[in-house]
Amino acid sequence: MLTHNVMSRASEALREGFFADRVVRSLRRDMKIGPEHEELLRQIKEYFDRVDNGRRQVSTGKLSDNAIDSLSAYNRMLSIIVRMSPRAPDKKAIDSLTSTMRKEIEDALHEQKVSSDKMPLTLRFFQFVREGTLQESASTFGLESVERPKKIGTP
């Protein structure tokens, strides 16, 4: 029987996974930005704000009102950095990744155009988020593995 805590973790992973899936599907296509896509890009920026907030909370030990979301986003960032980068995750690596992805998002908003070749790091990051949440959800429900249609990094 699944406990409330396990279901809560699975729910959070699924929510983040569905968000990452929307991001990947949207960033893979070159298109002009409409209101729906503009909102999604703003949500991506908010995701990175949560990562920064989570890192601050870990550093200072002071929790904010959105501690669970922030710490979850920060934890996900750390696990992805370990897979994306051969060097150990540290503050500089996280700052570098988030600032590069923020710049990709801001450039797209400024140009009012999504172009997958101008957002490679953001796309790759959310592909890792999508994959990680898929594996986490599968293991939560007792599945040893899940079928994946494509390898990570293949748009």
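Since every read-out is calculated from the coordinates, none of them should be taken as a lab result. All of these numbers come straight from a predicted model, not from anything done at the bench.
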If you bin every alpha carbon distance in segment 4-140 into 5 Å steps from zero, what whole percent lands in each bin? 2, 10, 19, 22, 20, 15, 8, 3, 0
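Going down the table (K45/K91; K32/K103; K45/K118; K32/K91; K91/K113), which pairs top 23 Å between alpha carbons?
Details: K45/K91 18 Å; K32/K103 18 Å; K45/K118 16 Å; K32/K91 34 Å; K91/K113 31 Å.
Cα-Cα > 23 Å for K32/K91; K91/K113; rest within.
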